[in-house]
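Read the structure below first, then the notes.
Throughout, read-outs are computed from the coordinates displayed, never taken from laboratory work. Here the structure is a predicted model, which is why all the values come from computation and not from measurement. Positions of Cβ are backbone-derived with ideal geometry, glycine not excepted, and every protein chain shown enters the neighbour counts.
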Amino acid sequence: MITRLLVLAGAAALAASPAPAAPAAPPAGIDAAAVDAAVRQYRDATGLPGAAVAVTRGTEVVHAAGYGHTPAGDPITARTPMAVASVSKSFTALAVMQLVEAGRVELDGPVHRHLPEFTMDDPRAARITVRQLLDQTSGMSDTTFPAFTRRQPGSLREAVAGMRTARLAAAPGTRWEYHNPNFQVAARLVEVVSGLPFDEYLRTRVFAPLGMTDSRTLDVAADLPSSARGHLMVLGRPVALPEPPAFGNGSGGVLSSAHDMAAWLIAQGNQGRGPEGTAVVSPAGLATLHRPSAVSDSYALGWFVEKTGSGAPMIAHSGDLFTSTAYQALLPASGYGVAVMANTGLAYGHASALAERLIALIEGTPAPSAGTPLVVVDAVLLVLAVACAALTGRGVLRSRRWAAGRTVRPWTLVRLLPLLAPLPLLASIHRVVGWLYRGRDVAWIQVAYIYPTFMVLLVTATLGCAAVLVARLVGLGRRGRG
């Protein structure tokens, strides 16, 4: 019975996305009050506990503000540092481009020439170029080098050293595949070529020139400050939890604020010059960063090349941690830039969904649905978990009566095997989820953050089946001795 309940719950963890809204004529512009209203409406509809938002147009900041609170209960302001996750890749790419423009790195030269410590157990790795790291066509893959299920490094040096036994999944330059270690190698290259720790390089060569005084980068999730921690959502309510252990510098370690992300967006849309006119990259270098690769027409160097709901060109990148998310977008046609950081995890997609609303506001199109919190799904899964616990108690109490009516034979033991069915699913659930995510590497603990109530049900079912199995074996043992 418990296993039947588990099977019935399997499809409850997915939700459908609404169709894109029809385009309309764009307005002359938006203001801070309109942004505040859009964020307030979204938070009211979804229960999002906290967010930071920046909207720019040309060299002007339309609005930069914080909303709600951190897990510690502190108010989020425009200067609150929050995690930007994989949005960090655009910062790493710009740092590399600076070294290219300084003549210290060849964009189309082999990585090994600049970073001799980068070796793999595959002779093809010697042909990986710096560009192929940044446009994710290096041939490295989660399928041949797991990003999360391996022992996590503590530094960029350790991250690169750990790749020595890895192989490529494809020849360099032949296939696009999103793989976080590409950018960890790129960040280590910045360290070695510049002679500076990656955090110091970004602080002095990128953040300081742009006035991004709230920004920095870190190595591991355990170093996240309280302002950058986040939540899961259970029954529509935020539950504060620490980020599961992981290494992310270069690929996802930047912390920033709404104030700082506004300066970053201005530089991206203003030929590489920040709010005060300081250049961090040339117009040609910026154009290279935003140009899609020959292998993938939708990924550039640390940026995706996409379209808005109205069909206008957009350069963007999302960032997903398990307790927080981020999103940035540039709209070249209108000159707007949007950045959002939300302190809920990737299972809810609040940063990208809120950014979509703001982009719709900019374009004058109907706002997409905010969606509904998965309260019903959570409630069903938790009710099933309670039912599993109740059935477990009933099964344990009736185990002696069950054993009394049976002769101890091999077939009797075989009939108990279905009670073991949830165990292999529980043990391998991260591999199942990785397969659903098209081969991405997922650690077991991370599944509990993506599907918390389903994992409560699965753990309850597994323990319940084990308890009934043990109770019945004990009952058979007593009967055998009798």
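Overview of results
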| quantity | calculated |
| --- | --- |
| Farthest toward positive dipole pole in region 27-363 [+1 Lys/Arg, -1 Asp/Glu at C-beta], among Ala342, Trp264, Gly195 | Gly195 |
| Ranking of Met140, Met233 by count of other Cβ atoms within 10 Å, fewest first | Met233, Met140 |
| Stokes-Einstein D in µm²/s, Kirkwood radius over Cα pairs - region 71-220 at 20 °C with 1.002 mPa s viscosity | 133 µm²/s |
| Pairwise Cα inverse-distance average, inverted: Kirkwood Rh of region 375-481 (Å) | 15.4 Å |
| Helix axis angle, 375-397 relative to the chain longest principal axis, alpha carbon, degrees | 30 degrees |
| Value of relative contact order over region 309-364, rounded to a whole percent, pairs C-alpha under 8 Å and six or more apart | 31 percent |
| Whole-Å distance, taken between Cα centres, linking region 240-256 and region 187-233 | 11 Å |
| Relative frequency of Cα-Cα separations exceeding 21 Å in region 123-190, percent | 13 percent |
| Helix 258-269 vs. the chain, principal-axis angle (Cα, 0 to 90°, nearest 10) | 60 degrees |
| Relative contact order (%) - criterion: Cα under 8 Å, at least six apart; region: the chain | 21 percent |
| Nearest-20 debye value, region 424-482 charge dipole, Cβ charges on Lys, Arg, Asp, Glu | 340 debye |
| Taking the convex hull of Cα positions in the chain, its mean projected area over all directions (nm²) | 25.0 nm² |
| His317, His69 arranged by Cβ crowding within 10 Å, fewest neighbours leading | His69, His317 |
| Dipole magnitude of the chain, debye to nearest 20 (Cβ charges: Lys/Arg +1, Asp/Glu -1, about Cα centre) | 3040 debye |
